[in-house]
Amino acid sequence: MTLDAKIPDGPLEKKWDTHRFNLKLVNPSNKRKYHIIVVGTGLAGASAAASLAELGYRVTSLCYHESPRRAHSIAAQGGINAPKNYPNDDDSIWRLFYDTVKGGDFRAREANVYRLAQVSGSIIDQCVAQGVPFAREYGGLLDNRSFGGAQVSRTFYARGQTGQQLLLGAYSALSRQIHKGQVKFYDRRDMMDLVVIDGQARGVIVRNMINGELETYIGDAVILATGGYGNVFYLSTNAKQSNATAIWRAHKKGAFFANPCFTQIHPTCIPLASEHQSKLTLMSESLRNDGRIWVPKQKGDKRSPKDIPMEERDYYLERLYPSFGNLVPRDVASRRAKEVCDQGRGVGSTGLAVYLDFADAIARNGKQWVEEKYGNLFDMYQRITGENAYQTPMRIYPAVHYTMGGLWVDYNLMSTIPGMFVLGEANFSDHGANRLGASALMQGLADGYFVIPYTIGDYLATNKFKPVKEDHEAFTESKKAISEKTEQLMSAQGKRTVDDLHKELGKILWEHVGMARNEAGLKKAISMITALRKQFWSDVRIPGKANDLNPELEKAHRVADFMELGEMIARDALHREESCGCHLREEYQTDENEAKRNDKKFAYVAAWEFGGTGKAPKLHKEALKFENVHLTQRSYK
Amino acid sequence: MGTFTNIYRSSVGKKFIVGLTGLFLCTFLVEHLAGNFLLFVNDGGAAFNEYSETMSHNIFIRTVEIVLFLAFFFHILTATILWWRNRKARPKNYTQNHKSANSELASRISFLSGSIVFIFLVIHLRTFFVPSRFFPSENPSMYDLVVFAFSSTWYCLFYLAALVLLGYHLRHGFQSAFQTFGIRGKKYQSLVEWIGVIFWLLIPLGFASMPIYFLWTTHFGGMN
Amino acid sequence: MNFTLKVWRQKNRNSEGRFESYTATNITPDMSFLEMLDAVNHDLVEKNQEPIAFDHDCREGICGSCGMFIKGRAHGPQKGGAACQLHMRSFVDGDLITVEPFRAQAFPVIKDLIIDRTAFDRIMQAGGFVSVNTGGVPDANAIPIPKTIADEAFSAAACIGCGACVAACKNASASLFVAAKVSQLALLPQGQQERKERVEAMLAQMDKEGFGSCSNTYACEAECPKEISVSNIARMNREYLKAALG
């Protein structure tokens, strides 16, 4: 099978418009004849379900939360980019496009990124019309702030809760359609399998999380908007329930998985306090504007930070990157923090943290100034750690935050399974090897509001759909396979909890497939994961019953998939013999220990085809063509 | 009428009725207290008796009296309906509930304080209003009724206890009515609180001064 | 640290529940309340007993999944935070901690500490939106909104839909929840067109769901993890009266 991204011809600026014109339309009165299943209700899922229902399609919306409003899009803090150029600082669609392609270290499709930049302005208009209370200036117009990776201010925000406000906007649009009956919504449903009939995605099997029953939903197309897979690492900034089961099971049904090794590690998170910690909390990276990062020069220096004299401190980012200092991009800051901790110079009880010190900022501008700028972050830090960061430096450490990889989709956001579309973080499309701040919200909503409503019509208009019923053997077989899997999990009755096994998987990945990777480590990780996966199936213990609300069983299904996905991440990282964006292979660095891309060999999307559990997946390559940007090496010295 | 029934059907509408009638009843308290202060005129009750006489015969007052009774009726009925529904809204209570951490006692017990004030009201009407209004010929003058009633220490204590609860009831109720009407904000809030003090503190104190005065004069001083 | 927990266990919607006692041992002060429950659950699984079921997700105080009444308080003894942001250092070593689900007729218990708050969604579906379709909207800067109004609308919109207001209210009233949305959209110009219908529809749905009415104790504001002001309830009442009388 050759991968066809279906990127339209013509100049970059015209591609999307030309493509839209060429897409077949579904006549308004025919739309109601089509039934679309949308799995997930985050920014991408809720906006897609609402927009499609507004057009007249019949939509079934499924989520594993009790309410669409609880999806993890809600936790995004910073903001959403759009090149409105309201601040008159010479922003443009082209500039946002360029920043995003460059920020992704030239591993994203030009056409997709350009379209994203093109529609992003409409997102802001749409959200304002829904009543999203963005921050405003005294004149009543919208305020913008700057964010990492850009030299213009193009980020729209709603205090530190932009994701929440945007999600509530999409949720309100979805609620309106549910009230009208145009969307049938089902809560607490966990997708267990995708059903493909005659080569078309025709439905899903979900587990009703309250009574454990397997339910069938049939449609003419299926949209997965089920988020990223960062929780494969166990500890991440993702929500506890975030999982890869929907995309992984679709992958096993034939959808290719693209660039799984591109996982973003965010540098400013609150470090792990103890073994019991269940998740990591991100703090806005704006803190790096005024905080100085340092560790002791001496290994194992356990003195209190205030007892360490200036000359015994190593402000390593300022030392290594005199011009960018503490403001180097996320991947660089993260990697260097790991490096100093690996040298035994980490701070805090675990030795896995570095100081982010505001003493100089307080001395220079006063405590009040710091309080006004960062007060809420200092409060959050105190709430979690119990420490007052005005008096003692904050401790930070990188944490898994976002996954740029995901299911491979073409320009229409359709996967390699006809009729199955993938939106938002669940797909791989727009961020290349590294995502810039404030562009995840942009992509989720662009996909849901302004791309899928057009592209799905073309698929529906150009394909025929045989009527299928619940008793079709594809559904019954799928249900049987899920029941068997559940039975296998329940009957293992081993010694270890799901979380124990998940933590162990996370540690392997963090150690060998984390911020810096090398061939030996990756090979070791693959064999360790293979062994752990065997242990998982024989030694997991799940109490309770399968036909009941059973959180341990829910987790077990998810971790079973993570055990397979983890191995694929390592395989992808191993095959990509270059460093790019967040993927640093220690063997491929410049003399100054910076990421060294290999554009000749690796300027492609690695799309993996499932080859069977424990078997090597098959690699397909989608070559990336850069006709509009010039490939350069990043430098921050 | 349709508008009224619609409003009354909704919970916010019912609260509005409780607040509106409550505030009307507050204005009655002002009038009632003002009249009662005539008890302190040193004329053997002549002024007070004349005032009571007017109150029971003046056509305007008699009309307002009907409104007053309607206000009492709707205030109590509506509050009772709300209370009943609110109980149903939480069929199973918490085993441990640290209420004092989030709210004031006065606001939590407003139905209880109102109920006791209601019992007081019935007794109060039986003592003063019913005899003077319906059986004036068989009964002594209003002033003598008052003197007689307040000569009983138990009656006075009951009366005072009811006034404490009335104070509690109004401490919550007065400002609560404004919240229900939607009048709340930096501009009005302190004004409402201060006027509230008149109702929950000064007016009950004013009423309390009467049994205390009569009790004192009965036991410690000669009658005039 | 060690604690004794008294936790509400209930098999399903229809069964009677009861309290069970558990001990939480070797708890560190920097563990969150949910991590403490994770540890208790870990022990339960090792003993082959069913772990305590509770709703949780983001664990950073924004998704609104937590629905627990801890030591007699919605989200436990702290101000302005959800249960996931409650840390064990807020308790004294050896404490007896009672944990029960938020209790209300409109929030039936599904299992143990998991409750069904879909009543909130139905209230939102009744009118908690601006009726605009995707596309065809004016430019974001076409309608200026004074900063103070936008900020006030944001403060109302910050609601995370956790239901602590209902849990803390002696009447199990959803007034603060409904008011937060009514208020947000009543303040913004985008919400004006459906102002009247919205407040009436949302309040009617609130009554229908079996929530109690507000008796202005302001317990909701005190327990709200986002500290949403009861002045929003005043605004909702005003909106309602204007709609009903107008």
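Here, each number is a calculation from the coordinates, and none is a lab measurement. Owing to the predicted nature of the structure, the values given are computational and were not obtained by experimental measurement. Here the Cβ positions follow ideal geometry from the backbone for every residue, glycine too, while neighbour counts run over all protein chains shown.
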Dipole size in debye (nearest 20) for segment C:87-133 around its Cα centre, Lys and Arg Cβ +1, Asp and Glu Cβ -1?
200 debye
Applying the Karplus parametrisation 6.51 cos²θ - 1.76 cosθ + 1.60 with θ = phi - 60° to the phi angles of segment A:52-60, what ³J(HN,Hα) value in whole Hz is obtained for each residue in order, glycine and proline being reported as x?
5, 5, 4, 6, x, 5, 8, 10, 10
More than 12 Å apart: what percent of Cα pairs in segment A:200-250 qualify?
69 percent
Reduced Cα scattering model of chain C, Debye log10 I(q)/I(0), q = 0.11 Å⁻¹
-0.63
Using all alpha carbons of segment A:266-399, what is the percent of pairwise distances in each 5 Å bin, ordered from the shortest bin to the longest?
2, 11, 22, 25, 22, 14, 4, 0
Per-residue [θ]222 nm for chain A (sum of -39500 (n - 2.57) over DSSP H runs n ≥ 4, rounded to 500):
-11500 deg cm²/dmol
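Rounded to two decimal places and with Rh computed the Kirkwood way over Cα pairs, what is Rg over Rh for the protein assembly as shown?
Working: Rg = 33.2 Å, Rh = 31.9 Å.
With Rg and the Kirkwood Rh in hand, the quotient comes to 1.04.
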Can you list residues from other chains, or at least 5 along the same chain, whose modelled amide H is less than 5 Å from the amide H of A:ALA158?
A:ALA135
Please name whichever of A:VAL540, A:ASN550, A:ALA520 sits farthest to the positive end of the charge dipole of segment A:496-558, dipole taken about the Cα centre and charges placed at Cβ: Lys and Arg +1, Asp and Glu -1.
A:ALA520
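Expressed in nm to one decimal, what extension gain is obtained for the pair B:TYR8 and B:SER137 from 0.36 nm per residue of sequence separation less their Cα-Cα distance? Please report the intermediate quantities before stating the final value.
Details: separation 129, 0.36 × 129 = 46.44 nm, distance 4.23 nm.
In short, 42.2 nm is gained.
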Helix C:231-245 vs. chain C, principal-axis angle (Cα, 0 to 90°, nearest 10):
40 degrees
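What FRET efficiency do you get for B:SER152 and A:LYS495 if R0 is 51 Å and r is their Cβ-Cβ distance, rounded to the nearest 0.05? Please list the in-between numbers first.
On the way: r = 79 Å, r/R0 = 1.55.
So, using R0 = 51 Å, E works out to roughly 0.05.
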Report the rotationally averaged projected area of segment B:1-158 based on its alpha-carbon convex hull, in square nanometres.
13.1 nm²
Projected onto the charge dipole of the protein assembly as shown (+1 at Lys/Arg Cβ, -1 at Asp/Glu Cβ, origin at the Cα centre), which of A:SER304, C:VAL166, B:VAL41 gives the Cα projection farthest towards the positive end?
C:VAL166
Where a Cα-Cα gap under 13 Å defines reach, which aspartates and glutamates qualify for A:LYS600, not counting those fewer than 8 residues away within the same chain?
A:GLU577, A:GLU578
Go ahead and collect, in residue order, the members of segment A:431-460 whose backbone nitrogen is under 15 Å from a label point 7 Å along the Cα-Cβ direction of A:LYS6.
A:451-460
Quick one: Debye curve from the C-alpha atoms of segment A:457-559, no solvent, what's log10 I(q)/I(0) at q = 0.15 Å⁻¹?
-0.77
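Rg to Rh ratio, segment A:59-156, alpha-carbon atoms and Kirkwood radius?
On the way: Rg = 15.4 Å, Rh = 15.2 Å.
Using only Cα positions, Rg/Rh for segment A:59-156 is 1.02.
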Hey, what angle do you get for helix A:473-492 against the long axis of chain A, alpha-carbon based, 0 to 90 degrees rounded to 10?
40 degrees
Here, A:GLU371 and B:PHE60, labelled 7 Å along Cα→Cβ, have an inter-label distance in nm of 5.9 nm
Sites A:GLN382 and B:PHE72, calculated FRET efficiency, Cβ-Cβ separation with R0 60 Å, nearest 0.05:
0.65
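Let me know the whole percent of all Cα-Cα pairs from segment A:350-393 that are separated by more than 16 Å. Write down the numbers at each step before the final one.
On the way: 345 of 946 pairs.
Cα-Cα pairs in segment A:350-393 separated by more than 16 Å: 36 percent.
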In order through segment A:619-626: 3J(HN,Hα) via Karplus (6.51 cos²θ - 1.76 cosθ + 1.60), integer Hz, x for Gly, Pro:
8, 10, 10, 10, 5, 9, 9, 10
For helix A:162-180, what angle does its Cα long axis make with the longest principal axis of chain A, in degrees from 0 to 90 and rounded to 10?
20 degrees
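Quote the charge dipole size of the protein assembly as shown about the Cα centre in Debye, to the nearest 20; the model charges only the Cβ of Lys and Arg (+1) and of Asp and Glu (-1). All intermediate terms of the calculation are to be shown ahead of the outcome.
Values: 128 positive and 113 negative charges, 253 e Å.
Computed about the Cα centre, the dipole is about 1220 debye.
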Any chance you could count the Lys pairs in segment C:3-111 whose alpha carbons are under 16 Å apart, treating pairs 8 or more apart or on different chains as valid?
4
If one computes the Cα centroid of segment A:574-616 and of segment A:485-510, what distance in Å separates the two points?
29 Å
Mind jotting down the distance between the C-alpha centroids of segment B:82-123 and segment A:136-184, whole Å?
41 Å
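When averaged across all projection directions, what area in nm² does the alpha-carbon convex hull of segment C:1-87 cover? Can you show the working numbers first?
Numbers: hull surface 24.4 nm².
Answer in nm², one decimal: 6.1.
Please compute, over every Cα-Cα pair in segment C:117-245, the percentage with a separation greater than 18 angstrom. Present the calculation step by step, with values, prior to reporting the outcome.
Numbers: 4279 of 8256 pairs.
When all Cα pairs of segment C:117-245 are counted, 52 percent exceed 18 Å.
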With x for Gly and Pro, the residue-by-residue ³J(HN,Hα) of segment C:78-93, computed from phi through the Karplus equation 6.51 cos²θ - 1.76 cosθ + 1.60 at θ = phi - 60° and given in whole Hz, is 8, 9, x, x, 8, 4, 5, 9, 8, 10, 5, 5, 6, 10, 9, 3
Averaging 1/r across every pair of distinct alpha carbons in segment A:489-616 and inverting yields a Kirkwood hydrodynamic radius, in angstrom, of 16.1 Å
Amide H partners (placed H, <5 Å) of A:ASP357, local residues excluded
A:ARG292, A:ILE293, A:TRP294
